[in-house]
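Working notes for the structure below.
The values are calculated or read from the model by the stated rules, or taken from the named source; none is laboratory data. Values in this document were obtained by computation on a predicted structure and should not be read as measured data. Reconstructed Cβ throughout: ideal geometry from the backbone, glycine too, with neighbour counts over all protein chains shown. Just so you know, the surface numbers come from the protein's heavy atoms only, side chains and all, with ligands and any DNA or RNA stripped out. Shrake-Rupley method; radii C 1.70, N 1.55, O 1.52, S 1.80 Å.
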Amino acid sequence: MPDRVWRTLKGEVVEDVLGEVLKATVGGQRIVHVGCDSQQHGLHTDFVTVIALIKPGKGGRVFWTKERVPRFEVLRTRLLREVELSVNIAFKLSEILSEDVELNVHVDVNPDIKYKSAKFMKELVGYVQGCGFKALTKPNSFVAMHVCDHIVKFKNNRDTRAHRGKKWNN
């Protein structure tokens, strides 16, 4: 995916994220998760897409990329864009991964009707499943809920103990 800058959680640029994912899965990581979260800031919206490679009981690796676009005013449209970004990455990964690697798409939607996103749950999950992927929603969508959320908020605030003072170009 040459049009995007992918990074590790340490902020290191990853030149060939697909190659890194393939290498990790051949090396034993059998579960790959993809998710996206967004954050509104003034006149723009930041979308962070994450690929998380999980090896149960052994840990994992995370790769992320960020896209900044003009502000999305409508929640449904923003959630659909999050799912679109995740599904696009999942399609690219599905072309290179062996069939025994589990590929999950995390959707940042809450099934509890007290949350605004709940009314879009069927549509968003249907989008993912219609594309042939397994969809995980809250409380199981930890990539979208926690990893993407942390990155999208951290990259805008630029203030965590581990990364204080570092600057990012994208």
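In this structure the amide hydrogen of residue 103, modeled in the peptide plane, comes within under 5 Å of the amide hydrogens of 32, none closer than 5 places in sequence on its chain. Using C-alpha pairs under 8 Å with a sequence gap of at least 6, the mean separation divided by the residue count of the range 1-84 gives a relative contact order of 28 percent.
Label sites at residue 77 and residue 134, each approximated as a point 7 angstrom past Cα along Cα to Cβ, lie 3.4 nm apart. Lys and Arg at +1, Asp and Glu at -1: add these up for the other residues within a Cβ distance under 11 Å of residue 23 and post the number. Counting the neighbours of residue 23, the net charge comes to -1. Note on residue 61/residue 40: beta-carbon distance plugged into 1/(1 + (r/R0)^6) with R0 of 25 Å gives a FRET efficiency of 0.30.
Entry note, the range 1-146: relative contact order of 24 percent, from Cα contacts under 8 Å with a spacing of 6+ residues.
Given a 1.4 Å probe, how much area per residue of the range 26-71 is accessible, in Å²?
Here the per-residue accessible area is 40 Å².
Pairs from the list 92/153; 58/138; 114/138; 55/153; 55/134 with a Cα-Cα gap above 21 Å: 92/153; 58/138; 55/153. What a 1.4 Å probe finds exposed on the range 1-122 is 54% carbon and sulfur by accessible area, rounded to a whole percent.
Prolate is the label for the range 14-148, because a/c, from the alpha-carbon gyration tensor with a ≥ b ≥ c as root eigenvalues, is 1.5 or above and a/b exceeds b/c.
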